[in-house]
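J.: Can you read through this structure? Questions will come right after.
The values are calculated or read from the model by the stated rules, or taken from the named source; none is laboratory data. Remember, it's a predicted structure, so these values are computed and weren't measured experimentally. Cβ coordinates were reconstructed from backbone atoms using ideal geometry, including for glycine residues, and neighbour counts include every protein chain displayed.
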Amino acid sequence: MLNVLQETETGGFVVIQDTTCYSGRQLLKYYINCAIRREEIVHVLGFEVPEQEIHEGLDSNYTHLLQLHNAYSDPLGWTKQSLFTVKQFTTPDITQLLSKTQKAKASILVIDSLSWILRHHDPVVICQELQKLKRADGSIRMIFGLLHKDLHQQGIVGSICHLASTVISVTPVDITDYAEAKTMHRKKSGKVKQEENLFRLTDDLTISIQNKPSQSAHVQADLDTNEADPTSNLTFNLRLSEAEREAKENVALPFAFSQEKKSALLRPSQGSGRIMYEPDPNDDFDEEDPDDDLDV
């Protein structure tokens, strides 16, 4: 979860999924803050919240590296007040927007939010544009997108996540001030890594993370503490003493023969019978043709 920004391969696409129960925007701002502290240029396409809300909590020493493209004031371009509108969500328009402040290294593109764009564009077109942006000639190192998954059909959410290299799903938990993050990271080699963490974010975007305890450990702990001994109230003893065990081992088994008994059975006796056969003179037996007596 914490090492998402350390992805070295260009073209990484991170989707943060949230619902009305818990907002993922604070986690998105945490990654923005980490990126600018690493002295990376971050371009934010802001559709859902005003500029001052995006700036809240960010490190003021590095905000000059943040390029905020305000689409909140006029997202549909009705009053011509916004420099960027939802209609301009195309690869040529975005790359041109980034090139105005582009420096030597690639930038990070943040989309706040993908849900707003999906509500006003064909999802197929958005998937195509995202795929093009991932391959935008190295001008974009990574893409971050916030997605409100409870606003869309499952197929649309699945299509967006299929394009992503990392999907982080955030949900609330019963622990105070903590939330759960389920992270799925897919490498270009095809290997998939999954992890679950509990995290808490403060107003200054400081994060604390705990490993989520496994359910199997809880189940085993409950069995160890709550399961009663089934042999505690029996009227007989299931265990043998040393003397009883020794006596049991010395009992001769009925199917096990001693060496003396084996010798007696195998030794030939005087009264043993044998079968003797003497051919009758009337027997017609031809050694050259044993089947001569058969009518064939």
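J.: Picking from Ile117, Ile108, which residue would you name as being among the hydrophobic types (A, V, I, L, M, F, W, C), in contact with a helix residue (DSSP H, G or I) (Cβ under 7 Å, 6 or more places away or on another chain) and assigned to a helix (DSSP H, G or I)? Break it down stepwise before answering.
T.: Numbers: Ile108 fails: assigned to a helix (DSSP H, G or I).
Selected residue: Ile117, the only one of Ile117, Ile108 that is among the hydrophobic types (A, V, I, L, M, F, W, C), in contact with a helix residue (DSSP H, G or I) (Cβ under 7 Å, 6 or more places away or on another chain) and assigned to a helix (DSSP H, G or I).
J.: Follow-up question, since we're still on this one. Which of the residues that make up region 13-48 are of a type in the set (Val, Ile, Thr), touching a residue at least 40 places away in the same chain (Cβ under 8 Å) and closer than 15 Å to Leu65 by Cα?
T.: If the condition is that a residue be of a type in the set (Val, Ile, Thr), touching a residue at least 40 places away in the same chain (Cβ under 8 Å) and closer than 15 Å to Leu65 by Cα, then Ile32, Ile41, Val42, Val44 are the ones that fit.
J.: Could I ask something else about it? Pull out all pairs, ordered by first then second residue, where Cβ-Cβ is under 6 Å, the residues are six or more apart or on different chains, the first lies in region 79-92 and is at pLDDT below 90, and the second is surrounded by 11 or more Cβ atoms within 10 Å (Cβ to Cβ) and of a type in the set (Asp, Glu).
T.: Gln81/Asp74; Ser82/Asp74
J.: Does region 81-99 contain any residue that is part of a loop (DSSP other than H, G, I, E, B), basic (Lys, Arg) and either out of contact with any Phe, Trp or Tyr (no Cβ under 8 Å at 6 or more places or on another chain) or over 24 Å from Ile16 (Cα atoms) (or both)?
T.: Within region 81-99, none of the residues are part of a loop (DSSP other than H, G, I, E, B), basic (Lys, Arg) and either out of contact with any Phe, Trp or Tyr (no Cβ under 8 Å at 6 or more places or on another chain) or over 24 Å from Ile16 (Cα atoms) (or both).
J.: For the list (1) surrounded by 20 or more Cβ atoms within 10 Å (Cβ to Cβ); (2) over 28 Å from the mean Cα position of the chain (by Cα), I need the number of the one condition that Ser115 fails.
T.: (2)
J.: Restricting attention to region 174-194, report how many residues are at pLDDT 90 or above and of a type in the set (Gly, Ala, Ser).
T.: 2
J.: For region 64-75, check the following and say yes or no: at least one residue is out of contact with any helix residue (DSSP H, G or I) (no Cβ under 6 Å at 6 or more places or on another chain), part of a loop (DSSP other than H, G, I, E, B), touching a residue at least 40 places away in the same chain (Cβ under 8 Å) and not hydrophobic (A, V, I, L, M, F, W, C).
T.: no
J.: Here are Ser214, Ser208, Ser263: which of them is modelled with pLDDT of 80 or more and surrounded by 10 or more Cβ atoms within 10 Å (Cβ to Cβ)?
T.: Testing whether each residue is modelled with pLDDT of 80 or more and surrounded by 10 or more Cβ atoms within 10 Å (Cβ to Cβ) leaves just Ser208.
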